[in-house]
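Heads up, the thing below is written out as structure tokens.
None of the figures in this text is laboratory data; all of them are computed from the coordinates on show. This structure is a prediction, so every number in the text was calculated from the model and none was measured. FYI the Cβ positions are ideal-geometry reconstructions off the backbone, even for glycines, and counts take in every protein chain you see.
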Amino acid sequence: MTKSELVEMLAEKNSWLTRKDSEMVVNIVFDSIADALKSGEKVEIRGFGSFTVRERGAREARNPKSGAIVKIPAKKTPFFKTGKELRERVNHENAD
């Protein structure tokens, strides 16, 4: 599912929300999660999962084309861990 499909589904399921309003709601949710992660907070959505930021250390890698060693700097990476309810729901629906 893409972001635009999510917006469309939200607009269809709620007759009081226009497509533009639905897009605004989805953008606010995504922006809020991104802003919280940027400021170092953990985002937990009960029954769905949690978002955290993980630190990746600096490392060396090889350029596959030239074979030259390239230094990759340390960086922060968003990480998502599924919640128990979501895992059970996905696994239960796959078992049918």
Q. If you take the charge dipole of the chain about its Cα centre, with +1 on Lys and Arg Cβ and -1 on Asp and Glu Cβ, which of 29, 77, 43 is farthest toward its positive end?
A. 77
Q: Using a 10 Å Cβ count of at most 16 others and DSSP loop calls, identify the longest part of the chain lacking such chymotrypsin sites (Phe, Trp or Tyr not before Pro).
A: 49-96
Q.
Is the C-alpha gyration tensor of the stretch 3-43 telling us rounded, prolate or oblate? Criteria: a/c under 1.5 is rounded; beyond that, a/b larger than b/c is prolate, otherwise oblate.
A. prolate
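What is the stretch 51-96 by shape, rounded, prolate or oblate, if you read a ≥ b ≥ c off the alpha carbon gyration tensor as root eigenvalues and call it rounded for a/c under 1.5, prolate for a/b larger than b/c, and oblate otherwise?
oblate
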Q: Give the angle, between 0 and 90 degrees and rounded to the nearest 10, that separates the Cα long axis of helix 19-38 from the longest principal axis of the Cα atoms of the chain.
A: 40 degrees
Q) Relative to the present Cα-Cα distance, how much length would full extension add between residue 12 and residue 46 at 0.36 nm per residue of separation? A) 9.8 nm
Q | Efficiency of FRET from Cβ geometry, residue 59 and residue 31, R₀ 41 Å, rounded to 0.05 | A | 0.85
Q. Between residue 92 and residue 38, how many nm apart are label points set 7 Å from Cα along the C-beta direction?
A. 3.7 nm
Q: Excluding residues on the same chain fewer than 8 positions from residue 38, give the lysines whose Cα lies under 27 Å from its Cα.
A: 3, 20, 71, 75, 76, 81, 84
Q | Cα centroid of the stretch 67-92 to Cα centroid of the stretch 24-39, whole Å | A | 18 Å
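Relative contact order for the stretch 1-68 using alpha-carbon pairs under 8 Å, separation at least 6, rounded to a whole percent?
Value for the stretch 1-68: 16 percent.
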Q. Residues with amide H under 5 Å of residue 41's amide H, sequence separation 5 or more or different chain, H placed in the peptide plane at 1.01 Å from N; which?
A. none
Q | Residue-wise HN-Hα coupling along the stretch 54-65, computed from phi with Karplus coefficients 6.51, -1.76, 1.60 (Hz; x: Gly, Pro) | A | 10, 8, 10, x, 5, 7, 10, 9, 10, 6, x, 7
Q | residue 49 long-range amide H proximity, modeled H, under 5 Å | A | 83
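Could you tell me which trypsin sites (Lys or Arg not before Pro) in the chain are loop residues by DSSP with no more than 13 other beta carbons within 10 angstrom of their beta carbon? Display every interim value, and only then the final one.
Working: sites: 3, 13, 19, 20, 38, 42, 46, 54, 56, 59, 62, 65, 71, 75, 76, 81, 84, 87, 89; in loops: 42, 46, 65.
Those that pass, being in a loop and sparsely packed, are 42, 46, 65.
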Q: Just add up the charged neighbours of residue 57: K/R +1, D/E -1, any other residue whose Cβ is under 15 Å from the Cβ of residue 57.
A: +4
